[in-house]
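K.L.:
Take a look at the following structure, please.
The values are calculated or read from the model by the stated rules, or taken from the named source; none is laboratory data. Because the structure is a prediction, the values reported are computed rather than measured. Note: ideal-geometry Cβ built from the backbone for every residue, glycine included; neighbour counts use all protein chains shown. These area figures cover heavy atoms from the full protein model, side chains too; ligands, DNA and RNA do not enter into them. Shrake-Rupley method; radii C 1.70, N 1.55, O 1.52, S 1.80 Å.
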Amino acid sequence: MSKLLVIGFSFGYLALLFGVAYAAERRSEARKSLVSNPYVYALSMAVYCTAWTYYGSVGRAAHNGLQFVGIYLGPTLLAPAWWLVLRKIIRISRQQRLTSIADFISARYGKSAGLGALVTVVCVLGIVPYIALQIKAIAASFVTLTGSGAGVGGPAATTALYTTGALAVFTILFGVRSVEATERHEGIVLAVAVESLLKLVAFLVLGGFVTFGIFNGFTDVFDQAAAVPALRQLFTLHGSGTSGTEWFTLLVLGMSAVLLLPRQFQVAVVENVDENHLRKAMWLFPLYLIIINLFVLPIAFGGMLKLGHTGLDADTYVLALPLAAGHSWLALLTYLGGLSAASSMIIVETIALSVMMSNHLLMPLLVRVPAGRPEGQTRWFAYLGRVALESRRLAVVLVLLLAYGYYAEVGKQLPLVNTGLVSFAAVAQFVPAVLGGLYWKGGTRRGATAGLLAGFAIWFFTLVLPTLVGPGRLPESVLTEGVGHISALRPFALFGLEGLDYLSHGLFWSWLFNIGLYVGLSLAWPPTALELRQADVFVDVFTRRSLAEEITGWQGRTPFPDVRALLLGFLGKKRTNQALRAFADRFPDAMAPEADTSSPLTISPTNQLTTADPRLLNYAEKLLAGTLGPASARMLVASVAGAEEISYASVVGILKESQQLLEANRQLQKQSRQLQRLTDELRAAYDQLQALDQRKDEFLYTVTHELRTPLTSIRALAEILADNPDLEAEEQQRFQLTIGREAERLTRLISLVLDLEKFESGQATLDRTAVPVADLVAEALDAVGQLLRDKHITLHVDTPADLPVLYADRDRLMQVLVNLLSNAIKACHSDGTGRIAVLAWPAAELVLLCVEDNGRGISPAAQHLIFDKFFQAQNQTTRKPEGTGLGLAITRKIVEFHHGRIWVESALDQGARFFVELPLLRGGITQNDPKRHAERSEASLPQ
Ligand code: ADP
């Protein structure tokens, strides 16, 4: 393909990126953000997939089968945990205004400048080769596409150089525009998201072309590959020679890289707009990884099958396949996809590294220079601010120059294949300090520093040193005999450990020392006050608004103008005034001029405030941390306020206090829950009373109603008798009889009501004696004998002779049985088919009685109502004179007074079966039984 065309498209594409970024910035200024949504967030995370993914996965798949999947499977497996881990990192970083992984580690361990610098150095050394790999990918893809030579001075290297230059300009323009690193870079984020989309689409189009254009679908590719023995073994997890340990290592490296690589920290933490975007990103990002890996195997197999004989490097299959098929436009699209993958990685990684380098390597040195006289302060600080910004721009250039230099000088001779993994292993050294820092308050600066140093040294020894072996560089004997011919110092078999692949070997030793020293030294030496405070702020970021954050050792004697000068220098007038106003809103008392507390919110440059509140110093420090990193910010504030005197005792005291506060809070919550429960109970009791009251009213109403009917008829008959003295004797007698019967009914009703009332008020007494059940039944049947005979009812009685003797109130039980029997008789049909059975059984500690009839039955709905007062089942349309609706209510009361149970089994027209269960009650005293009564029962108990 024509070189000019490819170059034209490359730069046209970069110009497009500029346009996208510019548009996003404009929209952001107009407060119509294009990037504040979870989709852009998830896509920007896909900066994880670099040119190494784009070209390299196919290469790896061609040699090692499925092994490439490990790097993507790790993040996928970890994604569900993001809600815990990543969200915590985001929350802390926002609260503390942290803008890089170096900031994060430095801030956690007492805002240590040394640790920040160490992390920065590890990142730069670990990642510059990785950036170089991207540049190499750009150059190599250019070579493949145009068929030109790959010499350093050749067009490929020149394209790579110009591309790198363009990316530097892009990064400087959109990535390091303001001194405040906390500021989000919407332009960059959108550009990266667009690039992620493009590389995905390009790769899918190519994959589709290979699978369905060159071959006949997935089955065809795999079938053809399976026919070749060398390819067949790539199908299995083990066949490619990847051991279980290596798989594990790849997974772990992937997991740590997706969280801790500087570029991932940049997009996932610093550029995060809203924690809730994580929810979608948690499945969108893994989905992206799965989709982009779908066609890796088909392309790899396709390449091996079609181009294997040409001896082409498998990394170039992605471009060589469409070219070989004569589809140069498809090849161009693929090339642009690769360019996207490389450039987005270069951009984001460079921003992250440049901010780190400026904040942790340069600024800590500059802020130590004394600011001089007050008049010159603002100017000096403004100068420092400019230096911070310029140094970042410089760092961008420096990083890219280093990377280009590495590519041009070293990369030509060194195999770059595994550079990505070696970078991952470097970043993995942060895992103990970060995870420990998030969840373990005991981790200290000393431990983290020693662990990191040791881990880094071993990383270098086991993973970087071997790449330096070669003619003209290190001798081969370093690998075989060890450094200085000491066999314990062989880079691939450190301390004699053999049998592991080089990556697992390196990770094992580096983590062993890293974790060991981190934990060991943290336990051996107590943390300083500042470390203790930071530990508390980090670990407890979710659980409570940490009191520790308010601990400040700054002096209240610092002149306010000095603090303002500091902020003015770095933030400028507008931002400083904004920030001071925000602070005054939050802590009105801290900004009140000493003499005049009535107008605390008028902060003007002429404010007569003379000394700065310690909280303001804390606030200023945090603002500056977003600009210079936590360590430099602290040193700067110290330069105006005097050393921060934060005493161990005060931190411990406040932490203890916050613990106590937490405990007190918990107690308070418990009490309020108890109170709530009591209130609920009270309300329930009140409701019950209310209901009872209403029932009482209803009862009274019903009773009076019931009493009126017989009274009315008595009065009417009496009046007739009085008004008609000459009534026939027979008639007169009939009336008198009716009056007598009605009066009788009245009496019965009243005594029933009185009886029931006695039970309900708990004043009923039981006169217990020994009651033989069979006798009781016989007597009750005697009482209703006439009624049974009148209705020609067949009777069946079964009361076994061995029934135990009940200890109960005989008259009351009679009442129960007679009630049940007369109900049964009433229910039976009068046509002579009526049948009633009375049965009794002994059971454990109780006697069970049953009165059964074959009468009209009770509907299920009525069954639980019949025991209520005055309830008479619906089907009983005309009220018979003998019915009161009180019988079963009293029956139940009596049974319950005996601590028994009564229930019914019935269905309409199926008869009814009433069960009464009575405990034998050997001298039991219970609350329902009035005590004196129980005692009387006791006395007459048979011994
Ligand atoms: P009542 O004085 O009306 O009999 P109860 O309280 O004794 O009052 O009975 C309530 C209602 O239960 C009766 O009106 C009747 O409808 C129904 N009932 C009671 N026992 C039976 C039974 N064995 N068969 C059908 N219905 C019955």
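K.L.:
Within region 497-517, how many residues are at pLDDT below 90 and of a type in the set (S, T, N, Q)?
P.N.:
Number satisfying all stated conditions: 1.
K.L.:
Can D811 be described as away from the ligand (no atom under 16 Å from the Cβ), in contact with a Leu (Cβ under 6 Å, 6 or more places away or on another chain) and open to solvent by 10 Å² or more (accessible area, probe 1.4 Å)? Write out each step before concluding.
P.N.:
Details: away from the ligand (no atom under 16 Å from the Cβ): yes; in contact with a Leu (Cβ under 6 Å, 6 or more places away or on another chain): no; open to solvent by 10 Å² or more (accessible area, probe 1.4 Å): yes.
The answer is no for D811.
K.L.:
Any residue at all in region 692-699 that's aromatic (F, W, Y) and either open to solvent by 40 Å² or more (accessible area, probe 1.4 Å) or more than 30 Å from E742 (Cβ to Cβ) (or both)?
P.N.:
Residues of region 692-699 that are aromatic (F, W, Y), as a first pass: 699.
Pick out the ones that are also either open to solvent by 40 Å² or more (accessible area, probe 1.4 Å) or more than 30 Å from E742 (Cβ to Cβ) (or both) and you get none.
Scanning region 692-699 turns up no residue that is aromatic (F, W, Y) and either open to solvent by 40 Å² or more (accessible area, probe 1.4 Å) or more than 30 Å from E742 (Cβ to Cβ) (or both).
K.L.:
Being of a type in the set (K, R) and not in a helix (DSSP H, G or I) is the filter; apply it to region 420-477 and report the residue that is modelled with the lowest pLDDT.
P.N.:
Filtering first and then ranking leaves R473.
K.L.:
Now for a separate question. Could you list all residues from region 450-485 that are open to solvent by less than 60 Å² (accessible area, probe 1.4 Å), free of Cβ contacts under 8 Å to residues at least 12 places away in the same chain and among the polar types (S, T, N, Q)?
P.N.:
S477
K.L.:
Quick one: K412 ticks every box in (1) closer than 26 Å to K136 by Cα; (2) modelled with pLDDT under 85; (3) open to solvent by less than 60 Å² (accessible area, probe 1.4 Å) except a single one, so which number is it?
P.N.:
(3)
K.L.:
Determine which single condition L494 fails, assuming it passes every other condition in (1) modelled with pLDDT under 85; (2) farther than 30 Å from W554 by Cβ; (3) surrounded by fewer than 19 Cβ atoms within 10 Å (Cβ to Cβ).
P.N.:
(3) is the only condition that L494 fails.
K.L.:
Only one residue in R913, R901 is at pLDDT 90 or above, open to solvent by 70 Å² or more (accessible area, probe 1.4 Å) and touching a Cys at 6+ places or on another chain (Cβ under 8 Å), so which one is that?
P.N.:
R913
K.L.:
Only residues in region 271-287 that are over 11 Å from Y41 (Cβ atoms) count as the first member; pair them with residues that are among the small types (G, A, S), Cβ under 9 angstrom, at least 6 apart or cross-chain, and list the lot.
P.N.:
Short answer, once both residue conditions are applied: W283/A42; W283/A79; P286/A79; L287/A42.
K.L.:
Could you grab me the full set of residues in region 449-469 that are among the polar types (S, T, N, Q) and under 35 Å from the mean Cα position of the chain (by Cα)?
P.N.:
If the condition is that a residue be among the polar types (S, T, N, Q) and under 35 Å from the mean Cα position of the chain (by Cα), then T449 is the only one that fits.
K.L.:
Let me ask something else about it. Spot the failing condition for A801; the list is (1) at pLDDT 85 or above; (2) away from the ligand (no atom under 15 Å from the Cβ); (3) among the hydrophobic types (A, V, I, L, M, F, W, C), and only one is missed.
P.N.:
(1)
K.L.:
Here's a follow-up. Would a scan of region 823-832 turn up a residue that is buried (at least 20 other Cβ atoms within 10 Å of the Cβ) and either in contact with a Pro (Cβ under 6 Å, 6 or more places away or on another chain) or of a type in the set (G, A, S) (or both)?
P.N.:
Yes, because at least one residue in region 823-832 is buried (at least 20 other Cβ atoms within 10 Å of the Cβ) and either in contact with a Pro (Cβ under 6 Å, 6 or more places away or on another chain) or of a type in the set (G, A, S) (or both).
K.L.:
Looking at V201, V205, which one is open to solvent by 10 Å² or more (accessible area, probe 1.4 Å), within 30 Å of V269 (Cβ to Cβ) and at pLDDT 85 or above?
P.N.:
V201
K.L.:
Continuing with the same structure: Say whether the condition of being more than 43 Å from the chain's Cα centre (by Cα) and hydrophobic (A, V, I, L, M, F, W, C) is met by at least one residue in region 293-300.
P.N.:
No, that holds for no residue.
K.L.:
To continue, here is another question. Would you please name the residue that is surrounded by the most Cβ atoms within 10 Å (Cβ to Cβ), looking only at residues in region 744-769 that are among the small types (G, A, S) and under 60 Å from the mean Cα position of the chain (by Cα)?
P.N.:
Looking at residues that are among the small types (G, A, S) and under 60 Å from the mean Cα position of the chain (by Cα), I get G762.
K.L.:
Looking at region 43-65 only, could you name the residues that are more than 17 Å from A257 (Cβ to Cβ) and either open to solvent by less than 40 Å² (accessible area, probe 1.4 Å) or modelled with pLDDT of 85 or more (or both)?
P.N.:
Result: L43, Y55, V58, G59, A61, A62, G65.
K.L.:
Here is a further query. Test L523 against the stated conditions and say whether it is in contact (Cβ under 8 Å) with a residue 40 or more places away in the chain and on the phi < 0 side of the Ramachandran plot.
P.N.:
Criteria met by L523.
K.L.:
Go through (1) farther than 26 Å from L86 by Cα; (2) out of contact with any Ser or Thr (no Cβ under 7 Å at 6 or more places or on another chain) one by one and return the number of the condition A448 breaks.
P.N.:
The failed condition is (1).
K.L.:
Could you count how many residues in region 847-866 are open to solvent by less than 20 Å² (accessible area, probe 1.4 Å), in contact with a helix residue (DSSP H, G or I) (Cβ under 7 Å, 6 or more places away or on another chain) and within 7 Å of the ligand (Cβ to nearest atom)?
P.N.:
Count: 3.
K.L.:
Pick from region 298-316 the residues that are assigned to a helix (DSSP H, G or I) and open to solvent by 70 Å² or more (accessible area, probe 1.4 Å): which of them is nearest to S57 (Cα to Cα)?
P.N.:
Of the residues in region 298-316, the ones assigned to a helix (DSSP H, G or I) are 298-310, 314-316.
If we keep only those that are open to solvent by 70 Å² or more (accessible area, probe 1.4 Å) as well, we get 306, 309-310.
On the way: K306: 18, H309: 20, T310: 20 Å.
Looking at residues that are assigned to a helix (DSSP H, G or I) and open to solvent by 70 Å² or more (accessible area, probe 1.4 Å), I get K306.
Every residue, every condition in (1) modelled with pLDDT of 85 or more; (2) open to solvent by 80 Å² or more (accessible area, probe 1.4 Å); (3) touching a helix residue (DSSP H, G or I) at 6+ places or on another chain (Cβ under 6 Å); (4) within 10 Å of the ligand (Cβ to nearest atom), yes or no:
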| position | (1), (2), (3), (4) |
| --- | --- |
| Q872 | no, no, no, yes |
| T878 | no, yes, no, no |
| I890 | yes, no, yes, yes |
| L918 | yes, no, no, no |
| S937 | no, no, no, no |
| Q943 | no, yes, no, no |
